[in-house]
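The values are calculated or read from the model by the stated rules, or taken from the named source; none is laboratory data. A quick note: this is a predicted structure, and the numbers were derived from the prediction, not measured. Cβ coordinates were reconstructed from backbone atoms using ideal geometry, including for glycine residues, and neighbour counts include every protein chain displayed.
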Amino acid sequence: MRFTVDPTWRRPASGDIVIAGSPLRVFTLTKTGRGIAEQIEAGSDIPESAGALVEKFVDAGAVHPLPDPNSPNDTTLQRITAVIPAFVSRAEQSDQLATLVGNLSGLAEVIVVDDASPVSMPLLNARVIRRAINGGPGAARNTGLAAVTTEYVVFIDADVECDTHHVGSLAAWWLHPRTALLAPRVRTRDWFTSGHTIAAYEAVRSALDMGDAPARVRAGSRVSYVPAAMLLCSVDALRKVGGFDETLRTGEDVDMVWRLDTAGYLCRYEPGVEVHHRPRSTLREFAKQRHGYGKSAAGLADSHGSAVSPLRVSWWSAGVWASLISGLPVAAAGLSLSTIVLLARKLRFVPSAPQEAARLASLGHFHAGKHLASAITKVWWPIAVLLALFSKRARIALLAAVVIPAFGEWFTRKPNIDPLRYTAMRVLDDAAYGTGVWRGVVERRNLAPVTPDLSSWPSNAK
């Protein structure tokens with residue numbers, strides 16, 4: 001097998017220490033392990049004898065497997081059944097569904113689960129299973145899963161644009177024996193000719209787009225979840241964990257991924273395969289979607305606790321930013337220096353430990369600031385607004401949390417709308433999500449979705 005290193009991968013002085021993964025881990029290598037690391041970095045084939053170390057790297061998200069581009073997938077397609085949950089209420093949706101089904105010829109079977117649609121389904125070249133009562137996407141997927149007889153199932157939402165080639169390309173990444181789920185990158189279709197504000201915004205900041213870097217998917221990591229817009233799964237693994245939680249109308253995909261991970265399976269995000277979806281067509285629909293995503297956090301918290309925390313940073317980073325917001329730059333500088341000193345002691349076995357500690361601490365504080373700003377504008381905004389009514393410093397902090405990240409994203413991601421409209425869309429996005437979070441917190445009386453998680457610095461791995 002061949003692997004690619006994660007963007008976090010770093011081997012100081014090309015030595016026996018690797019710092020990589022999400023969350024970051026520090027690996028101490030033997031002489032043999034150092035040779036394996038060099039082979040991975042060179043893109044060479046890795047022998048089976050290196051399995052133990054490679055397994056640790058893969059498990060930590062430090063490296064990612066690469067498929068054989070010459071591997072045929074015709075036989076693989078005959079081992080995959082597509083399940084499409086569908087709730088059709090408009091003629092346009094019928095047309096999209098018919099197109100999607102037609103594009104999936106070549107798979108073992110296509111199953112469409114009609115989730116008690118209010119209008120009749122179009123004629124489809126697929127097996128249609130109609131539910132008498134609308135149960136939501138999780139229930140519809142479970143209904144389809146129960147009818148699958150193949151080894152693999154690919155769940156595809158009816159508003160996704162993909163075909164058999166996308167399914168086969170994703171299946172080529174099924175490399176690790178513990179793999180239970182693969183997810184492609186889901187991007188918004190470019191509709192820029194019409195100047196559509198929502199489409200232009202979602203093209204660079206879609207809630208379904210997990211970015212351009214591959215990742216192991218697990219709670220607390222860089223890619224902590226993947227949407228169920230398209231998921232290629234092991235039928236056996238899904239059935240062993242009980243499929244989707246039908247009590248969750250939203251967030252059921254996140255819950256299922258986390259349960260698979262807890263059960264010891266590997267869930268992976270592979271942006272090398274891209275599919276497309278259509279964005280919401282009105283601001284009302286857009287806000288309603290984001291509100292639903294936010295509300296799902298409380299339901300997830302009932303089963304997964306602090307995994308839904310809006311902010312996960314170290315105590316040190318929390319102290320640095322609290323000092324800055326409070327107008328205490330000297331205290332912030334002191335905490336930053338203390339962080340470097342303590343981290344250097346922890347990493348004393350790393351070549352150039354003080355420099356590495358300074359680099360890691362600076363990056364940690366920087367990303368903590370980004371996450372803090374996001375938590376303020378997405379989840380804690382009602383509290384921030386209330387404080388801003390009485391405190392000038394709070395007003396400045398809130399304004400900075402809104403404006404600086406928004407304009408930074410606009411400059412780097414270059415959406416096809418002006419910065420003011422982009423910022424307005426971002427504010428609407430975050431406010432709708434946060435309102436949903438607080439609604440779920442009140443309804444379920446669970447504060448986990450609004451409680452920060454102050455975690456530790458990089459852990460050591462042998």
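Kindly indicate whether residue 83 is under 23 Å from the mean Cα position of the chain (by Cα) and more than 30 Å from residue 349 (Cα to Cα).
Yes, satisfied.
Condition test on residue 305, is it of a type outside the set (S, T, N, Q), exposed (fewer than 15 other Cβ atoms within 10 Å of the Cβ) and not assigned by TED's automatic domain parsing to the domain that holds residue 452?
Yes; evaluated as a whole, the condition is true for this residue.
Going by the structure shown, is residue 185 modelled with pLDDT of 95 or more, within 24 Å of residue 412 (Cβ to Cβ) and out of contact with any His (no Cβ under 7 Å at 6 or more places or on another chain)?
Spelling it out, residue 185 is indeed modelled with pLDDT of 95 or more, within 24 Å of residue 412 (Cβ to Cβ) and out of contact with any His (no Cβ under 7 Å at 6 or more places or on another chain).
Say we look at the range 423-462 and pick out the residues that are aromatic (Phe, Trp, Tyr) and modelled with pLDDT of 95 or more; which of these is nearest to the chain's Cα centre (by Cα)?
Filtering first and then ranking leaves 433.
What's the total number of residues in the range 296-349 that are of a type in the set (Phe, Trp, Tyr) and touching a helix residue (DSSP H, G or I) at 6+ places or on another chain (Cβ under 9 Å)?
2
Can you name every residue in the range 266-286 that is in contact with an Asp or Glu (Cβ under 8 Å, 6 or more places away or on another chain) and under 15 Å from residue 431 (Cα atoms)?
286
Exactly one condition in (1) surrounded by fewer than 19 Cβ atoms within 10 Å (Cβ to Cβ); (2) within 30 Å of residue 55 (Cβ to Cβ) is false for residue 361; which is it?
Among (1) surrounded by fewer than 19 Cβ atoms within 10 Å (Cβ to Cβ); (2) within 30 Å of residue 55 (Cβ to Cβ), residue 361 violates only (1).
Looking for something among the hydroxyl-bearing types (Ser, Thr, Tyr) and either at positive phi or modelled with pLDDT of 95 or more (or both) - is there at least one such residue anywhere in the range 377-394?
Yes, some residue in the range 377-394 is among the hydroxyl-bearing types (Ser, Thr, Tyr) and either at positive phi or modelled with pLDDT of 95 or more (or both).
Confirm whether residue 313 is under 29 Å from the mean Cα position of the chain (by Cα) and either polar (S, T, N, Q) or at pLDDT below 90 (or both).
When the stated conditions are applied, residue 313 passes them.
For the range 34-51, indicate whether the set of residues that are closer than 30 Å to residue 249 by Cα, of a type in the set (Asp, Glu) and free of Cβ contacts under 8 Å to residues at least 12 places away in the same chain is non-empty. Show your work before the answer.
Of the range 34-51, the ones closer than 30 Å to residue 249 by Cα are none.
Checked the range 34-51: no residue is closer than 30 Å to residue 249 by Cα, of a type in the set (Asp, Glu) and free of Cβ contacts under 8 Å to residues at least 12 places away in the same chain.
Among the listed residues 207, 219, 199, identify the single one that is surrounded by fewer than 18 Cβ atoms within 10 Å (Cβ to Cβ), of a type in the set (A, V, I, L, M, F, W, C) and outside any strand (DSSP E or B).
Just one listed residue meets the conditions, 207.
Could you please find all residues in the range 251-291 being touching a His at 6+ places or on another chain (Cβ under 7 Å) and surrounded by fewer than 15 Cβ atoms within 10 Å (Cβ to Cβ)?
Answer for the range 251-291, where residues must be touching a His at 6+ places or on another chain (Cβ under 7 Å) and surrounded by fewer than 15 Cβ atoms within 10 Å (Cβ to Cβ): there is none.
Assess whether residue 262 counts as being among the hydroxyl-bearing types (Ser, Thr, Tyr) and within 23 Å of residue 114 (Cα to Cα).
It is false that residue 262 is among the hydroxyl-bearing types (Ser, Thr, Tyr) and within 23 Å of residue 114 (Cα to Cα).
Regarding residue 2, is this residue under 30 Å from residue 145 (Cα atoms) and of a type in the set (Lys, Arg)?
Here the answer is no, as residue 2 does not meet what is asked.
Please list, ordered by first then second residue, the pairs with beta carbon atoms under 8 Å, 6 or more apart or interchain, first in the range 97-111 and closer than 14 Å to residue 155 by Cβ, second of a type in the set (Gly, Ala, Ser) and part of a helix (DSSP H, G or I).
These pairs meet every condition: 111/144; 111/147.
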